[in-house]
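Novice: Take a look at the following structure, please.
The values are calculated or read from the model by the stated rules, or taken from the named source; none is laboratory data. These numbers come from a predicted model, not from an experiment. Cβ: placed from backbone, ideal geometry, glycine included. Neighbour counts: every protein chain shown. Side chains are part of the model used for accessible areas, which takes the heavy atoms of the whole protein and leaves out ligands, DNA and RNA. Shrake-Rupley method; radii C 1.70, N 1.55, O 1.52, S 1.80 Å.
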Amino acid sequence: QFGRTEVIDNTLNPDFVRKFIMDYFFEERENLRFDFYDVDSKSPNLSKHDFLGQMFCTLGEIVGSQGSRLEKSIVGIPGKKCGTVIVTAEELGCCRDSVLMQFCANKLDKKDFFGKSDPFLVFHRSNEDGSFTICHKTEVIKNTLNPVWQAFKISVRALCNGDYDRTIKVEVYDWDRDGSHDFIGEFTTSYRELSRGQSQFNVYEVINPKKKGKKKKYVNSGTVTLLSFLIETEVSFLDYIKGGTQINFTVAIDFTASNGNPSQPTSLHYMNPYQLNAYGMALKAVGEIIQDYDSDKMFPALGFGARLPPDGRVSHEFALNGNPQNPYCHGIDGVMEAYYRSLKSVQLYGPTNFAPVINHVARYAASVKDGSQYFVLLIITDGVISDMAQTKESIVNASKLPMSIIIVGVGPAEFD
């Protein structure tokens with residue numbers, strides 16, 4: 001049990017407020033069950049209350065639904081309509097923003113006997129217990145009391161752990177070759193102050209407490225000015241899914257002779273009536289996760305390295321369902337069915353060429369420029385690639401495309 005909502009009295013259409021924070025892992029199948037009860041007493045024991053039904057789904061299904069909003073029937077009481085439940089999910093904006101900042105300084109103290117100072121800045125974020133943790137150092141600018149540092153990018157998490165009012169301490173040092181950098185002074189600010197950007201609020205006096213204590217006339221050891229402050233929001237994979245990106249899942253299966261004769265129990269393609277072979281297991285494991293994010297559940301399934309009927313020509317990208325114009329199979333079960341069917345009709349052959357199936361998916365990926373589609377190619381193989389040079393070239397050419405390649409090795413062969 002992960003948690004319980006609050007109880008809402010006297011209603012058949014409750015709108016629950018309590019939220020549940022869960023870790024989401026795209027690559028794992030996270031099964032959820034929602035149980036509904038009518039509360040009859042104060043007892044925490046569920047058997048003392050009336051069961052109203054349950055709903056099963058995966059976290060991926062919720063996240064992959066349009067607007068991350070899943071509506072599903074409640075089941076579990078035979079012969080009875082138990083109503084529906086609506087579950088919505090949102091990614092916690094645990095501050096995925098980054099900021100691009102640039103600083104300069106004026107009239108810093110001269111620390112070097114011969115030249116001017118060689119200044120750099122060190123940024124510290126404050127922790128809950130009042131201690132400070134260093135989070136950024138600028139580069140050193142040689143021989144100047146009026147440096148302009150390069151702009152730098154830092155995540156808001158690193159800068160203040162997402163707490164806009166937490167103190168940020170900035171120290172100014174004069175760099176020395178032997179590592180004994182001289183302290184020029186320091187000032188404090190906060191993300192909220194910095195976010196006002198370039199303004200009179202973001203000119204800071206650099207104060208050296210020792211000097212301040214000694215000299216009555218001490219004003220400061222120079223000033224540091226914020227020149228620019230730009231917020232960049234980092235987009236996550238979930239943002240794309242929420243925005244409606246569809247994931248297209250293509251499978252490519254190795255039909256080379258090194259897999260062994262499918263009619264023999266020693267073959268990786270052996271069709272055992274009682275359990276999945278290695279190819280079936282890999283297909284199901286990856287496919288069942290991906291399918292939550294593909295709205296039409298139609299998956300192209302290809303084979304490579306086999307001789308095809310009727311004329312025995314060797315193919316490195318053939319449709320498992322026998323229809324080159326439309327290689328789509330319905331659901332993972334449809335892919336499995338087409339895989340078993342083609343095992344009966346084709347002849348395992350060789351060599352093991354990956355480039356044709358990679359180029360096949362890359363052609364589709366290259367035609368989608370607007371972020372609406374993402375392509376995943378799963379290659380299941382017993383190893384030893386024959387066209388390594390072409391495969392590398394295909395992957396490099398596809399590296400700018402909205403496409404991932406997953407290679408699963410089966411059997412005892414060499415995979416280096």
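Novice: Look at Ile74 and say whether it is assigned by the TED database to the domain that holds Asp23 and surrounded by 16 or more Cβ atoms within 10 Å (Cβ to Cβ).
Specialist: yes
Novice: Right, something else. I want to confirm something. Restricting to region 8-24 and keeping residues that are hydrophobic (A, V, I, L, M, F, W, C) and open to solvent by 90 Å² or more (accessible area, probe 1.4 Å), which single residue is modelled with the lowest pLDDT?
Specialist: Ranking the candidates gives Val17 first.
Novice: Moving on. Every residue in region 347-374 that is open to solvent by less than 20 Å² (accessible area, probe 1.4 Å) and either among the hydrophobic types (A, V, I, L, M, F, W, C) or outside the structural domain of Ile253 (by the TED database) (or both), please.
Specialist: Result: Phe354, Ala355, Val357, Ile358, Val361, Ala362, Ala365.
Novice: If Leu46 satisfies every condition in (1) touching a helix residue (DSSP H, G or I) at 6+ places or on another chain (Cβ under 9 Å); (2) open to solvent by less than 60 Å² (accessible area, probe 1.4 Å) but one, which is the exception?
Specialist: Single failed check for Leu46: (1).
Novice: Right, next: Would it be correct to say that Asn202 is touching a Gly at 6+ places or on another chain (Cβ under 6 Å) and modelled with pLDDT of 95 or more? Can you show your working first?
Specialist: Numbers: touching a Gly at 6+ places or on another chain (Cβ under 6 Å): no; modelled with pLDDT of 95 or more: yes.
So Asn202 does not fit the description; no.
Novice: Is it fair to say Gln275 is at pLDDT below 95 and open to solvent by 60 Å² or more (accessible area, probe 1.4 Å)?
Specialist: The answer is yes for Gln275.
Novice: Using beta carbons and a limit of 6 Å, which pairs, at least six apart or on different chains, have the first residue in region 14-32 and aromatic (Phe, Trp, Tyr) and the second one surrounded by 12 or more Cβ atoms within 10 Å (Cβ to Cβ)?
Specialist: Filtered contacts from region 14-32: Phe16/Thr5; Tyr24/Leu59.
Novice: Take the residues of region 166-179 that are of a type in the set (D, E, K, R) and part of a strand (DSSP E or B): which is surrounded by the fewest Cβ atoms within 10 Å (Cβ to Cβ)?
Specialist: This residue is Lys169.
Novice: If you don't mind, there's one more thing I want to ask. Test Thr189 against the stated conditions and say whether it is of a type outside the set (Phe, Trp, Tyr), open to solvent by less than 40 Å² (accessible area, probe 1.4 Å), at pLDDT 95 or above and assigned to a loop (DSSP other than H, G, I, E, B).
Specialist: Taking the combined requirement at face value, the residue does not satisfy it.
Novice: Let me ask something else about it. Does Arg96 fit the bill of being open to solvent by 90 Å² or more (accessible area, probe 1.4 Å) and touching a residue at least 40 places away in the same chain (Cβ under 8 Å)?
Specialist: In short, no.
Novice: Which of the residues that make up region 114-145 are assigned to a loop (DSSP other than H, G, I, E, B) and at pLDDT 90 or above?
Specialist: Lys116, Ser117, Asp118, Thr138, Glu139, Val140, Ile141, Lys142, Asn143, Thr144, Leu145
Novice: Output the number of residues of region 70-113 satisfying the condition of being aliphatic (A, V, I, L, M), assigned to a loop (DSSP other than H, G, I, E, B) and over 22 Å from the mean Cα position of the chain (by Cα).
Specialist: Residues in region 70-113 being aliphatic (A, V, I, L, M), assigned to a loop (DSSP other than H, G, I, E, B) and over 22 Å from the mean Cα position of the chain (by Cα): 3 in total.
Novice: Answer yes or no as to whether Lys297 is of a type in the set (Lys, Arg), farther than 30 Å from Gln66 by Cα and under 30 Å from the mean Cα position of the chain (by Cα).
Specialist: The answer is no for Lys297.
Novice: Restricting attention to region 214-222, does a residue exist that is in a helix (DSSP H, G or I) and not assigned by the TED database to the domain that holds Val384?
Specialist: Start the filter on region 214-222 by keeping residues that are in a helix (DSSP H, G or I), which leaves 214.
Pick out the ones that are also not assigned by the TED database to the domain that holds Val384 and you get 214.
Scanning region 214-222 turns up at least one residue that is in a helix (DSSP H, G or I) and not assigned by the TED database to the domain that holds Val384.
Novice: Among the listed residues Ala389, Ala362, Ala366, Ala338, which satisfies the condition of being without any contact (Cβ under 8 Å) to a residue 24 or more places away in the chain and either among the hydroxyl-bearing types (Ser, Thr, Tyr) or out of contact with any His (no Cβ under 9 Å at 6 or more places or on another chain) (or both)?
Specialist: Ala389
Novice: Can you pull out the residues in region 25-43 that are open to solvent by 70 Å² or more (accessible area, probe 1.4 Å) and part of a strand (DSSP E or B)?
Specialist: Answer for region 25-43, where residues must be open to solvent by 70 Å² or more (accessible area, probe 1.4 Å) and part of a strand (DSSP E or B): Asn31, Arg33, Tyr37.
Novice: Among (1) open to solvent by 70 Å² or more (accessible area, probe 1.4 Å); (2) of a type in the set (Phe, Trp, Tyr); (3) not assigned by the TED database to the domain that holds Leu194, where does Phe113 come up short?
Specialist: Here Phe113 meets the rest and fails (3).
Novice: Do we have any residue at all in region 150-165 that's surrounded by fewer than 19 Cβ atoms within 10 Å (Cβ to Cβ), in a strand (DSSP E or B) and of a type in the set (Gly, Ala, Ser)?
Specialist: The answer is yes; a qualifying residue exists.
Novice: Another question about this same structure. Taking the stated definitions as given, is Gly83 in the same structural domain as Phe20 (by the TED database) and open to solvent by less than 20 Å² (accessible area, probe 1.4 Å)?
Specialist: Judged against the criteria, Gly83 is not a match.
Novice: For residues that are among the aliphatic types (A, V, I, L, M) and closer than 26 Å to Ile247 by Cα, scanning just region 300-324, find the one that is nearest to the chain's Cα centre (by Cα).
Specialist: Ranking the candidates gives Ala301 first.
Novice: Quick one: which residue in Ser236, Ser228, Ser221, Ser199 is among the hydroxyl-bearing types (Ser, Thr, Tyr) and either touching a helix residue (DSSP H, G or I) at 6+ places or on another chain (Cβ under 8 Å) or open to solvent by 60 Å² or more (accessible area, probe 1.4 Å) (or both)?
Specialist: Of Ser236, Ser228, Ser221, Ser199, the one residue that is among the hydroxyl-bearing types (Ser, Thr, Tyr) and either touching a helix residue (DSSP H, G or I) at 6+ places or on another chain (Cβ under 8 Å) or open to solvent by 60 Å² or more (accessible area, probe 1.4 Å) (or both) is Ser221.
Novice: Now for a different question. For region 127-155, how many residues are among the small types (Gly, Ala, Ser) and in contact (Cβ under 8 Å) with a residue 24 or more places away in the chain?
Specialist: Within region 127-155, residues that are among the small types (Gly, Ala, Ser) and in contact (Cβ under 8 Å) with a residue 24 or more places away in the chain number 2.
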